[in-house]
């Protein structure tokens, strides 16, 4: 459960895919997950937030299985380290917006007022 303090400023980050700066998608799930989370960090920073401010993630995974769940856990550890991870909903999906897209993440962050 995530709890947001009264008066917090909420930051909603729309779905971030694994596209690199040049618009390319890494061919593998692991690469896309890492890049999508890096893109999330850029979006958070643009709003004056950081990963520690995230209270909720929604993750969409194409062809979800236990292997991809393990890769997701490793990718989250790269961003949050040993710290408590935000609450997270994982939604298996048959397809995402772009051909070859395997991973997407959106976030809700809370900043002090």
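The values are calculated or read from the model by the stated rules, or taken from the named source; none is laboratory data. Because the structure is predicted, anything quoted here is derived from the model rather than measured. Cβ coordinates were reconstructed from backbone atoms using ideal geometry, including for glycine residues, and neighbour counts include every protein chain displayed.
Annotations
- Residue list for region 33-67, restricted to those being part of a helix (DSSP H, G or I), within 20 Å of residue 96 (Cα to Cα) and in contact with a helix residue (DSSP H, G or I) (Cβ under 6 Å, 6 or more places away or on another chain): 33, 34, 37
- Of residues in region 30-63 being under 19 Å from residue 95 (Cβ atoms) and surrounded by fewer than 17 Cβ atoms within 10 Å (Cβ to Cβ), the one nearest to the chain's Cα centre (by Cα): 58
- Selection within region 68-113 - assigned to a loop (DSSP other than H, G, I, E, B), over 15 Å from the mean Cα position of the chain (by Cα) and touching a residue at least 40 places away in the same chain (Cβ under 8 Å): 97, 98, 100, 112, 113
- Looking across region 1-18 at every residue that is touching a residue at least 24 places away in the same chain (Cβ under 8 Å) and in a loop (DSSP other than H, G, I, E, B), the one that is nearest to the chain's Cα centre (by Cα) is identified as 18.
- For first residues located in region 42-65 and on the phi > 0 side of the Ramachandran plot and modelled with pLDDT of 95 or more, partners that are surrounded by 19 or more Cβ atoms within 10 Å (Cβ to Cβ) and assigned to a loop (DSSP other than H, G, I, E, B) and lie 6+ apart or on another chain with Cβ distances below 9 Å form the pairs 63/102.
- Test: residue in region 21-32 that is part of a strand (DSSP E or B) and touching a helix residue (DSSP H, G or I) at 6+ places or on another chain (Cβ under 7 Å): no
- Selection within region 64-104 - surrounded by 15 or more Cβ atoms within 10 Å (Cβ to Cβ), more than 22 Å from residue 10 (Cβ to Cβ) and out of contact with any strand residue (DSSP E or B) (no Cβ under 8 Å at 6 or more places or on another chain): 71, 75
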